[in-house]
Amino acid sequence: MNSFLFRLRERLINFYPPFLGAGIHSHSIDEHTIHVEMKLTAFNRNIVGVHFGGSLYAMCDPWFMLIMMRGLGSDYIVWDKAASIKFINPGRGTVKAVFQISQEKIEEIRAAADGGGKIEPVFSVDVIDEQGQVV
């Protein structure tokens, strides 16, 4: 799939109902970087008035997979198999995260996949609130 189609898909994902309802918005910076933010609204607020954990989880779900799909191209199968979340602080206001995979890491994964085995890289990201605190 060419770069234009990946960018189009990444734009359209902002209208995916779970993202739209939760107020999750993304935009690509370059081939390796996607910025995502989520405003605190009545639709993603929990009973104590902070971001619902499920919305924070959804905010982080597909981005590393999309970067890898773009980076590796259509000759490779990329799955988002597992995830975990650790809540550090309550999410208040607008929260943001930057998803990035370097070209070097993509090439390392490509080489390992070309070597024959199943590759299961692990990536991590911090979700940051308006005060710069990790959520």
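Some observations on this one:
- Stretched out straight at 0.36 nm per residue, the stretch from Ala82 to Arg11 would grow longer than its current Cα-Cα span by 23.2 nm.
- Element breakdown for the chain at a 1.4 angstrom probe: carbon and sulfur atoms account for 59% of the accessible area.
- C-alpha center-to-center spacing [region 1-59, region 80-109] in angstrom: 13
- Partner lysines for Lys39 [C-alpha distance under 26 Å; skip if fewer than 8 residues away on the same chain]: Lys86, Lys96
- Charged side chains reduced to their Cβ positions (Lys and Arg at +1, Asp and Glu at -1) give the chain a dipole of some 460 debye around its Cα centre.
- Sparsely packed trypsin sites (Lys or Arg not before Pro) within region 1-79, loop by DSSP, other Cβ within 10 Å at most 14: Lys39
- Gyration tensor (alpha-carbon) shape descriptor, the chain, a/c threshold 1.5: prolate
- Cα gyration tensor shape of region 7-46, rounded if a/c is under 1.5, else prolate or oblate by comparing a/b with b/c: oblate
The values are calculated or read from the model by the stated rules, or taken from the named source; none is laboratory data. Note that the structure is a prediction, hence the values are computed from the model and not measured. Every residue, glycine as well, gets a Cβ built from its backbone with ideal geometry; the counts of neighbours run over all protein chains shown. Protein only, heavy atoms only, side chains kept; ligands, DNA and RNA dropped before computing areas. Shrake-Rupley method; radii C 1.70, N 1.55, O 1.52, S 1.80 Å.
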